[in-house]
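Please treat every number below as a calculation from the coordinates, not as lab data. Remember, it's a predicted structure, so these values are computed and weren't measured experimentally. Here the Cβ positions follow ideal geometry from the backbone for every residue, glycine too, while neighbour counts run over all protein chains shown.
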Amino acid sequence: MWLGGGGHGPGHLGSSPSAPPAPQAPAMWLYLLLVALVWALVWLVRDRRTLPCVKDKHVFITGCDSGFGNLLARRLARQGYRVLAACLTQDGADGLQRGCSGHLRTTLLDVTHSESIRRAAEWVRAEVGEKGLFGLVNNAGVATPMGPTEWMGIEDFRRVMAVNAFGAIEVTLALLPLLRRARGRVVNTSSVLARVAAAGWDAKLLWLPASYLPAAIVDFVLATILPKPAQRVR
Ligand SMILES: NC(=O)c1ccc[n+]([C@@H]2O[C@H](COP(=O)([O-])OP(=O)(O)OC[C@H]3O[C@@H](n4cnc5c(N)ncnc54)[C@H](OP(=O)(O)O)[C@@H]3O)[C@@H](O)[C@H]2O)c1
C-alpha cells in the first residue's frame, strides 16, 4: 500500500496532493510588468486619438472678462472652436469681442444668480441648436478673501462658495441636457489652495470645498449619465 502525500510520485512524502504549486516570485513580477505594459499601451493608443475637426464644436466658458477665461476664449476661437464666452460685465464682453478673431460670441452671466444662469442657458441652447454643447468650462471664480481662517467670517465663506462652488454646479446642471446631446466635457478651474496648510494659515477649510465640491458633483453626474468621451481634445 502507498502512503505517500502525492506531488511528484510515491517517493515524495509530506506535501498535500491538492495544493497548487506556489507561484515563483520572478514569474509574478513578470506577470505584473506585462499587465502594466499592456495597460500603458492601451492608454497611449487611446490618448493619441484626436478630434478630426473642431469647427462645429461649441464651448461655453464662464468668467471671460479677464484672466484665464479671457485667454482661453481667444485661444479656442483662434483654433477654430465656436466659442460662447460669458462675461460678468458689458465692458468685459465688449473688450473681448473687439480683440478677438474667429468665431466668438459673448453673453452676460452672473453665476450667483439663478435667473442670469437660466437666461444664459437659453442663449446657449439657441446657439448650439441640435448639435448640443461640446464643452463647458466653469472658470468664473473669486480668489479673495485669503488669509488666516480666524480672520474670516461666515459671509466670506458664503461669498466664495456662491461663485466658485454653487455657481459652477448650477451652471453645469442648467447645461447638462445640451452637454448630454453632444457627449460633452466639463472642465472646472479649481485651486491648489485647497491643499495648502502653512504656518498658522490653513486654507483648506474654505478652499477644499470651494475647489473640489464642484469637481466631485460634476464627475459624479457626468459619470452616471454620460457615455465616456471617445476622443481627447488638444
Ligand atoms: N490665477 C491663479 O493663480 C489661480 C489659481 C488657482 C485657481 N484659479 C481659478 O481660476 C479661475 C480664473 O482665475 P483668474 O486668475 O483668471 O481670475 P480672474 O482674472 O479674476 O478671472 C475670474 C473671472 O470670473 C469673473 N467673475 C467673478 N465673479 C463672477 C460671478 N459672480 N459670475 C460670473 N463671473 C464672475 C471675473 O469677472 P470680473 O473680472 O468682472 O470680476 C473674471 O472675469 C478662478 O476660478 C480662480 O479661482 C486661479
Check your understanding: How do the peptides 78-90, 42-54 rank, highest first, by the average count of neighbouring beta carbon atoms within 10 Å per residue?
Key -> 78-90, 42-54
Check your understanding: FRET efficiency for residue 114 and residue 195, Cβ-Cβ distance as r, R0 = 30 Å, nearest 0.05?
Key -> 0.45
Practice item. For residue 105 paired with residue 45, estimate the spin-label separation in nm (one decimal), with each label point 7 Å from Cα along the Cα-to-Cβ line. Key: 4.0 nm
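What is the Cα radius of gyration of region 58-225 over 2.2 N^0.38 Å, N being its residue count? Kindly include the intermediate steps, with their values, before the conclusion.
On the way: Rg = 16.3 Å, N = 168, 2.2 N^0.38 = 15.4 Å.
Cα-based Rg divided by the globular estimate yields 1.05.
Once fully extended, how much extra length lies between residue 156 and residue 37, figured as 0.36 nm per residue of separation less the alpha-carbon to alpha-carbon distance? It would help to have the intermediate numbers written out before the result.
Working: separation 119, 0.36 × 119 = 42.84 nm, distance 4.89 nm.
Contour length minus Cα-Cα distance gives 38.0 nm.
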